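Here the structure comes first, spelled out in structure tokens, and everything after it is commentary.
The values are calculated or read from the model by the stated rules, or taken from the named source; none is laboratory data. Just so it is clear, the structure is predicted and the values come from calculations on it, not from any experiment. So basically every Cβ, Gly included, is an ideal-geometry build from the backbone, and we count neighbours across all protein chains shown. For accessibility, only protein heavy atoms count, side chains too; no ligands or nucleic acids. Shrake-Rupley method; radii C 1.70, N 1.55, O 1.52, S 1.80 Å.
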Amino acid sequence: MAANSTRDDERARPVDAAISARTRKALSEARARGVTLGAAGADNIRATVARRKADADTFAEQHRAVFVEMQAQGLTHRRMAQVLNELGIPAARGGAWTHGQVQRMLLRLGTRA
């Protein structure tokens, strides 16, 4: 049984090294964003949340005209998502639009749905 254990350990080392490298990289990126590692609570994530909200506001303002036009046409949220996808306009994270994302965008823009 000891021999098997040694072979298992040897096979695990490359995987462990890859996980370790990813973890170190993620921690380094978190430090660069201003996250205080080892601290818990809202104070630790406040800077990240503020940056994400600012990015979302900027994204929304960049697309305000498109949403105002679609609302003027009386489109539903589902139809707006479909039109955005047909036009090839990516959602905030680069994927396809959903009706929920459209609804949140309209709320962010302060427009009536």
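List every residue pair whose Cβ atoms sit under 8 Å apart, with the two residues 6 or more apart in sequence or on different chains, where the first one lies in the range 64-75 and is touching a residue at least 12 places away in the same chain (Cβ under 8 Å) and the second, anywhere, is surrounded by fewer than 10 Cβ atoms within 10 Å (Cβ to Cβ) and not in a helix (DSSP H, G or I).
Gln71/Arg112
Which ones in the range 16-44 are open to solvent by 90 Å² or more (accessible area, probe 1.4 Å) and within 30 Å of Leu109 (Cβ to Cβ)?
The answer is Arg33, Asp43.
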